[in-house]
1. If only one of G240, G265 is at positive phi, in contact (Cβ under 8 Å) with a residue 24 or more places away in the chain and crowded, with 19+ Cβ neighbours inside 10 Å, which one is it?
2. Going residue by residue through the range 190-202, is there one that turns out to be within 30 Å of H35 (Cα to Cα) and of a type in the set (F, W, Y)?
3. Against the conditions (1) closer than 16 Å to L154 by Cα; (2) touching a strand residue (DSSP E or B) at 6+ places or on another chain (Cβ under 6 Å), where does S102 fall short? Just the number, please.
4. Listed residues D78, D133; which is part of a loop (DSSP other than H, G, I, E, B), more than 23 Å from E227 (Cβ to Cβ) and touching a helix residue (DSSP H, G or I) at 6+ places or on another chain (Cβ under 8 Å)?
5. Confirm whether D39 is more than 28 Å from E172 (Cβ to Cβ) and among the acidic types (D, E).
6. Out of the residues in the range 165-202 meeting the condition of being of a type in the set (D, E) and outside any loop (DSSP other than H, G, I, E, B), tell me which one is nearest to S48 (Cα to Cα).
7. I need a count of the residues in the range 129-138 that are within 22 Å of the chain's Cα centre (by Cα), touching a residue at least 40 places away in the same chain (Cβ under 8 Å) and at negative phi.
8. Which of the residues that make up the range 217-269 are in contact with a His (Cβ under 9 Å, 6 or more places away or on another chain), closer than 22 Å to I167 by Cα and of a type in the set (G, A, S)?
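Every number in this text was worked out from the coordinates using simple rules, so none of it is lab data. Just so we're clear, the structure is a prediction, and the values are computed from it rather than from any experiment. Here the Cβ positions follow ideal geometry from the backbone for every residue, glycine too, while neighbour counts run over all protein chains shown.
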Amino acid sequence: MSVKLKGFIDTITVKQLNVHSVRVLQHGQLLDEWHQNGDYRRVQHSVSKSFTSMAVGLAVQEGLIHLDNTLGDFFPYDQSQPVQSPLPSPRELKLRDLLRMSSGHDSPPLWADERESLQEKDWAKHYMSLSLDRMPGEHFTYSSGDTFMISAMLQKAVGQTVKDYLIPRLFEPLGMHHIEWETSPLGITLGCAGLWLNNEELSRFGQFLLQEGRWNDQQLVPSEWIEAAVHEQIKTTGDGDWGQGYGYQFWMCSHDAYRADGAFGQFCIVLPSREAVISINSQEENMQGILNAVWDQILPELA
């Protein structure tokens, strides 16, 4: 039984929370880890979004894109709002609106179920055919479609997929090889989901974030971008740790933490005040229950 993780493991066992793997780093060192059946690559669901955010930061640094670029700068599709509508066309959506999940859709496009059944193979064209419900930039609505469009914009801007763009700039320097990341029918990196990593690799990403984009004395991603991405850029109205605000494809947490977050309990939690990273892979719908166990049982171990 893991010493530092005993309380956490006892809690998830009693509450029947299906956690596969947990690792805790502090001061850059492994404090403790536990794996239900070994640590192998699993799909990271929306944790993928936070990696897409890193690609944005790099492309901004390279002058290939900027946050005020619009969808219309990269895509020819023109779906105007209804004549009587005071709302802009999707062509006018800015990259910063997409990063903050504030595109103005009440029903976010390109959810997983829709992606599976969509007849239109050009998902960017489909996204831009949908009228906005409110002004962009004002209110948060979680949207995987927004992140897919970030990936599509980046591919236009940098001339390669987000996965291929990140391989020499982030994945390889972090020691993550043979990366698998699912794509759209037209070969665009999903961006919003579909990245496969093991939990040790996920904890490495967290340590890189904690070090503000540095790894092995090399600044992989500008520290200014990390700073912006992992701090609140828009308010959120969810319950618990989903009501703490949202950055650029990162969730804010209670306890002065932030996280990359994927469905069914994929977490990369960074606690700068404790110089700690907690990475978790699960298959569990009660994600807040897992986070509560982190705050109740792991946090006190991080003296």
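1. G265
2. Taking every residue of the range 190-202 in turn, at least one turns out to be within 30 Å of H35 (Cα to Cα) and of a type in the set (F, W, Y).
3. Among (1) closer than 16 Å to L154 by Cα; (2) touching a strand residue (DSSP E or B) at 6+ places or on another chain (Cβ under 6 Å), the lone unmet condition for S102 is (1).
4. Testing whether each residue is part of a loop (DSSP other than H, G, I, E, B), more than 23 Å from E227 (Cβ to Cβ) and touching a helix residue (DSSP H, G or I) at 6+ places or on another chain (Cβ under 8 Å) leaves just D78.
5. The answer is no for D39.
6. Step by step, filter the range 165-202, then rank; the result is E201.
7. Count: 1.
8. G262
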